[in-house]
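The values are calculated or read from the model by the stated rules, or taken from the named source; none is laboratory data. All of these numbers come straight from a predicted model, not from anything done at the bench. Virtual Cβ from ideal backbone geometry, glycine too; neighbours counted across all protein chains shown. The area values use the complete protein model at the heavy-atom level, side chains included, leaving out ligands, DNA and RNA. Shrake-Rupley method; radii C 1.70, N 1.55, O 1.52, S 1.80 Å.
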Amino acid sequence: MKDYRKLQNGSDIRGIAITGVPGETPNLTPYEAEDIGRGFVVWLSEKLGKAPAEMTVAMGRDPRVSGKRLMEGLMNGMGPYGIKAYDCGLASTPAMFMSTVFPEFACDAAIMITASHLPYNRNGFKFFTAEGGLDKADISAILEYAGDADLCVEKLGEPAHMDCRVRDFGKLVYPAEEKDLMSLYCGHLRNLIIKGAEGGDRPLEGMRIVVDAGNGSGGFFARKVLKPLGADISDSQFLEPDGMFSNHAPNPEDPDAINALMTRVVSKGADFGLIFDTDVDRSAAVDGCGNEIARNGIVAMAAALIAKDHPGTTVVTDSITSRQLTDFLEKDLGVKHLRFKRGYKNVINKAKELNEQGTDCQLAIETSGHAAFKENYFLDDGAYLAVKIVIEAARLRKQGKSIDSIIAGLGSPADEREVRIPITAADFGALGDRVIEELGDFAAAREDLSLEEPNYEGVRIAFPGGWCLLRKSLHDPILPVNMASDEPGGCDGIAAVMKEFLSSYEGLDLSVMK
């Protein structure tokens with residue numbers, strides 16, 4: 001048996017796919033991909049109650065240089081069982097999910113080969129059925145099957161399609177039919193804009209929009225969605241796929257990435273800009289004056305786009321949103337704000353749960369840019385959020401307004417900071433739990449501090465004119481500390497109090513708290 005548990009990253013699989021970074025040895029090669037492909041067949045067959053030869057799986061990838069070989073590895077695991085496979089080539093994660101929805105494809109499942117915004121040497125897998133992305137427990141089961149070939153045989157029997165390989169440039173491979181999913185997906189997005197913007201077949205005529213794809217998969221949005229609708233996208237940048245990501249990290253949260261877009265929008269006099277992560281399940285924006293619409297801003301923007309049609313709806317966010325955002329959502333937009341946990345699947349699953357319980361929830365969104373609308377299958381789709389922004393921008397343009405007017409009432413903290421404290425203790429999970437539990441007692445014992453409730457992750461403390469959240473990292477031996485203050489430099493005082501409390505614990509590296 002093989003132990004693949006370390007490849008699990010929440011509801012995704014991620015690993016080191018190629019050499020190139022000192023000290024990082026590959027642990028997700030085509031050989032591991034073959035085992036994972038076989039494990040997925042077992043899981044999917046049990047999930048759907050269908051024989052493998054009756055199932056169709058679509059596969060796509062981001063530009064990473066390891067993507068094609070990992071796809072071959074997956075096919076080596078799935079092909080012997082007779083899976084019908086589609087090779088969708090360079091794709092986005094949301095488009096891969098839509099292969100289970102579009103009647104032209106109607107796939108039983110989809111796999112996206114991506115590691116999101118991580119460096120070029122990393123890669124991974126995201127899995128979908130028509131119900132959406134898989135959960136942590138599903139990934140755990142797939143990896144358990146992947147590590148136990150005998151269990152796979154017990155579940156499925158000996159593979160009956162070992163002789164189905166074909167020769168491709170001298171190499172024997174299991175065949176996958178090439179399918180153009182992205183053209184269908186782009187047509188779907190264009191139709192949404194045409195219908196929403198109400199301006200004929202070219203509703204974006206006269207609009208100047210900058211798209212920054214960070215050399216990931218997102219260049220299609222400029223060329224195949226915006227340009228055919230009349231938008232001037234000539235000032236867009238980094239649209240060409242480049243698996244080395246040579247210009248900046250393809251990450252809407254990365255300061256260099258957002259600054260590159262801000263500079264481009266202002267220098268070219270564009271109406272606004274849009275930026276995507278590598279696999280286009282996240283996005284952010286920049287207004288015409290070069291102001292970023294990211295983190296709390298992109299949450300406010302997404303909520304504003306649905307508030308008018310769904311008054312009083314609940315918006316689920318992650319745990320590090322600001323007080324100013326809550327005020328904007330509840331006072332300006334008239335929606336309810338549920339501040340939940342970090343992790344895009346956490347906020348999405350909470351939103352689904354609320355709807356099942358009878359509470360209307362139209363939006364689940366992380367400050368990282370993962371935005372999932374109920375109207376769009378609760379799929380975190382950066383291109384779909386961008387479509388909604390473009391539609392609203394086209395409408396506002398007719399009124400002589402710009403997109404920044406949508407969130408004009410949103411305030412911002414005067415000072416914000418995140419510090420990530422390494423836990424050096426051997427049992428880092430136990431120490432992290434103890435620190436968080438005792439921080440609650442520490443805050444309750446001080447007259448100048450109070451606990452912010454309800455709270456679903458870590459401990460969030462109200463300071464005079466600010467707040468602090470201490471939580472455990474979702475995946476790493478780290479205690480992230482998020483702070484915000486309404487006073488310039490106010491985080492210094494918050495950090496001093498937190499460092500005083502944390503200094504009593506052995507096994508914490510406090511050198512990062514300066």
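Scanning the range 94-129 for residues that are among the small types (G, A, S) and either crowded, with 20+ Cβ neighbours inside 10 Å or within 21 Å of Y31 (Cβ to Cβ) (or both) returns A95, S99, A109, A110, A115, S116, G124. Within the range 345-374, the set of residues being touching a residue at least 40 places away in the same chain (Cβ under 8 Å), in a helix (DSSP H, G or I) and open to solvent by 10 Å² or more (accessible area, probe 1.4 Å) comprises K345, N349, L354. Pairing residues of the range 202-219 that are surrounded by fewer than 24 Cβ atoms within 10 Å (Cβ to Cβ) with residues that are among the basic types (K, R), at Cβ distances under 8 Å and at least 6 apart in sequence or on separate chains, gives G206/R397; M207/R397; R208/K268.
Can you say whether S66 is over 16 Å from A149 (Cα atoms), among the polar types (S, T, N, Q), over 20 Å from the mean Cα position of the chain (by Cα) and open to solvent by less than 30 Å² (accessible area, probe 1.4 Å), as far as the supplied structure shows? Spelling it out, S66 is indeed over 16 Å from A149 (Cα atoms), among the polar types (S, T, N, Q), over 20 Å from the mean Cα position of the chain (by Cα) and open to solvent by less than 30 Å² (accessible area, probe 1.4 Å).
In a residue-by-residue description of the range 142-153, the property of being modelled with pLDDT of 95 or more, more than 29 Å from F245 (Cβ to Cβ), small (G, A, S) and open to solvent by less than 10 Å² (accessible area, probe 1.4 Å) applies to at least one position. Checking T313, T326 one by one, the residue that is more than 15 Å from the chain's Cα centre (by Cα) and open to solvent by 10 Å² or more (accessible area, probe 1.4 Å) is T326 and no other. On the stretch given as the range 433-475, residues that are basic (K, R) and either free of Cβ contacts under 8 Å to residues at least 12 places away in the same chain or not in a loop (DSSP other than H, G, I, E, B) (or both) total 3. Against the definition (surrounded by fewer than 20 Cβ atoms within 10 Å (Cβ to Cβ), closer than 14 Å to D12 by Cβ and of a type in the set (D, E)), how does D168 come out, yes or no? Here the answer is no, as D168 does not meet what is asked.
Consider the range 447-457 and keep the residues that are in contact with a strand residue (DSSP E or B) (Cβ under 6 Å, 6 or more places away or on another chain) and over 14 Å from T321 (Cβ atoms). The one that is surrounded by the most Cβ atoms within 10 Å (Cβ to Cβ) is L449. Could you tell me whether the range 178-200 includes any residue that is among the acidic types (D, E), modelled with pLDDT under 95 and loosely packed, with under 15 Cβ neighbours inside 10 Å? Yes, the conditions are met somewhere in the range 178-200.
Would a scan of the range 496-513 turn up a residue that is touching a residue at least 12 places away in the same chain (Cβ under 8 Å), surrounded by 14 or more Cβ atoms within 10 Å (Cβ to Cβ) and part of a strand (DSSP E or B)? Yes, the range 496-513 contains at least one residue that is touching a residue at least 12 places away in the same chain (Cβ under 8 Å), surrounded by 14 or more Cβ atoms within 10 Å (Cβ to Cβ) and part of a strand (DSSP E or B). Condition check: modelled with pLDDT of 95 or more and part of a helix (DSSP H, G or I). Does A383 satisfy that? Against the criterion (modelled with pLDDT of 95 or more and part of a helix (DSSP H, G or I)), A383 qualifies.
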